[in-house]
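Visitor: Structure incoming, see below.
No lab work stands behind these numbers, since they all come straight from the coordinates. In this text, all values refer to a predicted model and were calculated from it rather than measured experimentally. Positions of Cβ are backbone-derived with ideal geometry, glycine not excepted, and every protein chain shown enters the neighbour counts.
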Amino acid sequence: MATAPVFALLAVNALLFGAAILLFEKPSQRRETLSLGVLFFCSGMPALIYQIVWQRVLFAAYGVNAESVAVVVSAFMAGLGLGALAGGWLSARWPRLGIIFFGAGELGTA
């Protein structure tokens, strides 16, 4: 897989994120938004690494086929969906504790 397009998209996303913070955020909230954005990026990277590792393990066990790719991608997407549902419910019920719940989930995953 070519890494140049991935890095180009990552750079474009970083530029858009920075522009959105500078243009639309109040100066008092910029630092908090930027730090939360960096934390979310750093927490999403291990999830993608886990996906690749499981996919390589299944490739070694079952070979490179559509079934092993479908299992890993389906599990990853199901986890994202269930996490979004649970996170939305928790953040609606306790709005001020959202970042604490997120940190506890990350520590639980680790």
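Visitor: Yes or no: segment 16-31 includes at least one residue that is in a loop (DSSP other than H, G, I, E, B) and of a type in the set (Ser, Thr, Tyr).
Guide: First, pick out the residues of segment 16-31 that are in a loop (DSSP other than H, G, I, E, B): 25-29.
From what's left, of a type in the set (Ser, Thr, Tyr): 28.
Yes, segment 16-31 contains a residue that is in a loop (DSSP other than H, G, I, E, B) and of a type in the set (Ser, Thr, Tyr).
Visitor: Among the residues of segment 52-110, write down those that are loosely packed, with under 10 Cβ neighbours inside 10 Å and either among the β-branched types (Val, Ile, Thr) or under 19 Å from PHE41 (Cβ atoms) (or both).
Guide: Within segment 52-110, LEU107, ALA110 meet the criteria.
Visitor: On the basis of being assigned to a helix (DSSP H, G or I) and more than 28 Å from LEU36 (Cβ to Cβ), does GLN55 make the cut? Quick ask: steps written out before the conclusion?
Guide: Working: assigned to a helix (DSSP H, G or I): yes; more than 28 Å from LEU36 (Cβ to Cβ): yes.
In short, yes.
Visitor: Output yes when any residue across segment 60-72 is on the phi < 0 side of the Ramachandran plot and outside any helix (DSSP H, G or I), and no when none is. Break it down into steps so the answer makes sense when it comes.
Guide: In the first step, residues of segment 60-72 are kept if they are on the phi < 0 side of the Ramachandran plot; the result is 60-62, 64-72.
Add one more test, that the residue is outside any helix (DSSP H, G or I), and what stays is 64-65.
Yes, segment 60-72 contains a residue that is on the phi < 0 side of the Ramachandran plot and outside any helix (DSSP H, G or I).
Visitor: Give the number of residues within segment 1-31 that are aromatic (Phe, Trp, Tyr) and more than 30 Å from ILE52 (Cα to Cα). Before the answer, list the steps.
Guide: If we filter segment 1-31 for residues that are aromatic (Phe, Trp, Tyr), which is where we start, we get 7, 17, 24.
When the remaining residues are screened for being more than 30 Å from ILE52 (Cα to Cα), the result is 24.
Count: 1.
Visitor: Pick from LEU34, LEU48: which is exposed (fewer than 11 other Cβ atoms within 10 Å of the Cβ) and either part of a helix (DSSP H, G or I) or among the acidic types (Asp, Glu) (or both)?
Guide: Of the residues listed, the single one that is exposed (fewer than 11 other Cβ atoms within 10 Å of the Cβ) and either part of a helix (DSSP H, G or I) or among the acidic types (Asp, Glu) (or both) is LEU48.
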